[in-house]
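Following: one structure in structure tokens, then a few remarks.
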Amino acid sequence: MKKQFYFILFVFISLINASVAMSQTLTDIKGQPLKQIIYAEFEGSPFFSKVWSKGIVEMANGAKYTDLDLKYDQLKDGLVFKGKNDEELYFSDAIKKFTLNNTPDNGKQSVFRNGFEAYKDFTTQSFYEVITAGEISLLRKNFKTVIENREYNSANVIKKILNNNLLYIARDNKIIASQNDNIKVIANAIDANKSSSIIEFSSKNKLSPKKEEDLKKIIEYYTSIK
């Protein structure tokens with residue numbers, strides 16, 4: 001009877017701990033203040049969406065937060081959340097994946113994650129938007145850059161934020177090709193043994209690797225014949 005009591009007590013405590021672990025709240029999140037002044041002198045927005053998006057965040061430590069107000073700062077490649085007092089904060093802890101729901105200026109749900117091998121200027125912590133997921137994934141890297149223009153006969157410098165988007169193909173968390181590659185390079189990167197079939201399919205259907213929808217068709221075709 002005594003052993004049964006301790007067993008029930010152990011199960012009860014375990015369930016409580018599990019419940020606490022699953023119910024992460026806004027007060028559990030560690031954040032660093034966003035200094036709005038750093039963007040006050042820029043033309044254009046550094047964010048993926050200018051307005052707050054409801055979303056989900058999965059942390060590298062396994063914690064998961066839902067129904068947060070989020071903004072993705074593409075200039076810094078960092079995620080911002082709205083704190084309990086409406087302050088704007090960057091996440092202090094490492095993020096693995098996040099989802100942004102529909103907003104007025106972004107009419108779809110967007111999923112971003114990191115963990116891909118370092119590629120050119122991007123690191124393992126860089127976030128990519130996942131267009132299609134699978135053995136072969138199609139990714140979009142959304143990033144923003146700043147250019148400076150000086151007005152004629154003026155000391156004033158205008159800083160403009162520019163939008164940049166590149167499509168990448170990945171396998172096993174490794175970038176293997178980009179939309180800037182020709183179809184032969186892409187086909188060989190996807191599967192050297194099936195490259196001729198991929199090239200023939202692309203040529204027959206007049207597909208361009210520079211177009212998102214065409215790259216999706218190429219990947220779908222490969223998945224159907226592998």
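The values are calculated or read from the model by the stated rules, or taken from the named source; none is laboratory data. These numbers come from a predicted model, not from an experiment. Methodologically, a virtual Cβ is constructed for each residue, glycine included, from the backbone with ideal geometry; neighbour enumeration extends over all protein chains shown.
For Lys108, state whether it is loosely packed, with under 14 Cβ neighbours inside 10 Å and in contact with a Leu (Cβ under 8 Å, 6 or more places away or on another chain). When the stated conditions are applied, Lys108 does not pass them. For beta carbons closer than 9 Å, sequence separation of 6+ or different chains, a first residue in the range 200-226 that is on the phi < 0 side of the Ramachandran plot and a second that is of a type in the set (A, V, I, L, M) and exposed (fewer than 13 other Cβ atoms within 10 Å of the Cβ), the qualifying pairs are Phe201/Ile225.
Among the residues examined, Lys159 qualifies as over 30 Å from Val185 (Cβ atoms), touching a strand residue (DSSP E or B) at 6+ places or on another chain (Cβ under 8 Å) and of a type in the set (Lys, Arg). Among the residues making up the range 193-211, those that are within 25 Å of Lys141 (Cβ to Cβ) and surrounded by fewer than 15 Cβ atoms within 10 Å (Cβ to Cβ) are Ser208, Lys210, Lys211. Among the residues of the range 212-226, those that are buried (at least 19 other Cβ atoms within 10 Å of the Cβ) and of a type outside the set (Ser, Thr, Tyr) comprise Leu215, Ile218, Ile219. Residue count for the range 168-183, restricted to those that are surrounded by 12 or more Cβ atoms within 10 Å (Cβ to Cβ) and either among the hydrophobic types (A, V, I, L, M, F, W, C) or modelled with pLDDT under 95 (or both): 6.
Among the residues of the range 79-109, those that are modelled with pLDDT of 95 or more and of a type outside the set (A, V, I, L, M, F, W, C) comprise Lys96, Lys97, Thr99. Residues in the range 128-144 that are in contact (Cβ under 8 Å) with a residue 40 or more places away in the chain and closer than 18 Å to Ser45 by Cα: Asn142, Phe143, Lys144. Taking the criterion of being under 30 Å from Phe42 (Cα atoms) and in contact (Cβ under 8 Å) with a residue 40 or more places away in the chain, the residues of the range 164-199 that qualify are Leu167, Tyr168. Within the range 111-126, if we keep just the residues that are of a type in the set (A, V, I, L, M, F, W, C) and surrounded by fewer than 17 Cβ atoms within 10 Å (Cβ to Cβ), the residue that is nearest to the chain's Cα centre (by Cα) turns out to be Val111.
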